[in-house]
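Before any comments, here is the structure.
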Amino acid sequence: MKRNLHLLLIDPQNDFCDLPAGYLPTDPVSRLPLAPSLPVPGAHQDMLRVAGLINRGRAGLSAISVTLDSHHRFDIAHPTYWIAADGAPVAPFTEISAADVRARRYLPRHPGGLPITLNYLDRLEAAGRYKLMVWPVHCEIGSWGHNVHADVRAAYGHWEEASLGIVAKLAKGSNPWTEHYSAVQAEVPDADDPDTQFNTRFVRGLAEADRIYVAGEAGSHCVKATVEHIADYFAAEYGPDSLAKLVLITDCISPVTGFDAQYQAFLQAMQARGVQLMTAADVLPELLDNAAAEAVSA
């Protein structure tokens, strides 16, 4: 009997991929090559492995979901939001705490944004998951960097044509007042914005699968946060044994530079809870066997 095998791709977007020169188009405005704004070392090869897995095992895949980091240029985690005490710009990869803002080391460029900024930082730090990081402007909605890696897009396009299916695309991150690493819940949900709240419908849909293979970028942040939220929900709703259906494809995931320790700790914690760690080569036979099972049943 064919099993329900679901591939969940987290943010497989150009801005997160260390793309070689041949993948970089020319900006028609500046006449310069476009370049990823937040490239993760190893991500391009990760995406090639993902694309290869889809192409070779597509007949065994029941569903594919793709999450898309989707930001505005003005965002609480972008330099455009902040100004230093001396009026200088705030450089990417600056960590900002509520204490920094109260001491006026960093301030929102819009004076009216101070109350909402402090409220956010206080709630973020109380949750104990992350501190605010100022990232380069990335995955800006409508930009080349927001687009999916070309090989992955081509591969899932072939899957759609062959299966007569639709790849589900989930946008996250368009609320400028909260970080949104996880694909299923913002770091600080906004009661007035349903898109920042826990996506129960999507996670329950994932739970219907026999296997959920997870790949994408980056392992230290968006993959980590997404899988943690899904694992917590599965454990609470379906019991701890349900986490065994989650599979992290470890050679299709890489961490942001400087965050390898966080990524390794995440892998160890998930494995201890029952989540499986596999490589693309491990996953492919399962997809081929599933395709063969469908052929026999047909």
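The values are calculated or read from the model by the stated rules, or taken from the named source; none is laboratory data. None of the values given here were measured: they were computed from a predicted structure. Here the Cβ positions follow ideal geometry from the backbone for every residue, glycine too, while neighbour counts run over all protein chains shown. For the accessible areas, the whole protein counts, side chains as well, though only heavy atoms, and no ligand, DNA or RNA atoms are used. Shrake-Rupley method; radii C 1.70, N 1.55, O 1.52, S 1.80 Å.
Yes or no: Ala272 more than 17 Å from Tyr130 (Cα to Cα) and assigned to a helix (DSSP H, G or I)? So Ala272 fits the description; yes.
Residues of segment 220-251 that are in a helix (DSSP H, G or I) and within 26 Å of Leu38 (Cβ to Cβ): Cys222, Val223, Lys224, Ala225, Thr226, Val227, Glu228, His229, Ile230, Ala231.
Note on segment 150-186: residues that are closer than 25 Å to Tyr130 by Cβ and part of a loop (DSSP other than H, G, I, E, B) total 14.
Test Ala215 against the stated conditions and say whether it is surrounded by fewer than 16 Cβ atoms within 10 Å (Cβ to Cβ), at negative phi, aliphatic (A, V, I, L, M) and touching a residue at least 40 places away in the same chain (Cβ under 8 Å). So Ala215 does not fit the description; no. Within segment 71-120, if we keep just the residues that are among the charged types (D, E, K, R) and within 25 Å of Ser182 (Cβ to Cβ), the residue that is surrounded by the most Cβ atoms within 10 Å (Cβ to Cβ) turns out to be Asp75. When His158, His138, His180 are screened for being in contact with a His (Cβ under 8 Å, 6 or more places away or on another chain) and either more than 12 Å from Ile76 (Cα to Cα) or crowded, with 20+ Cβ neighbours inside 10 Å (or both), only His138 passes. Of all residues in segment 162-174, those satisfying the criterion of being surrounded by fewer than 21 Cβ atoms within 10 Å (Cβ to Cβ) and out of contact with any Gly (no Cβ under 9 Å at 6 or more places or on another chain) are Ala162, Ser163, Leu164, Gly165, Ile166, Lys169, Leu170, Ala171, Ser174. For Ala209, the criteria (1) open to solvent by less than 10 Å² (accessible area, probe 1.4 Å); (2) more than 21 Å from Met47 (Cβ to Cβ); (3) at pLDDT below 95 hold in every case but one, which is (3).
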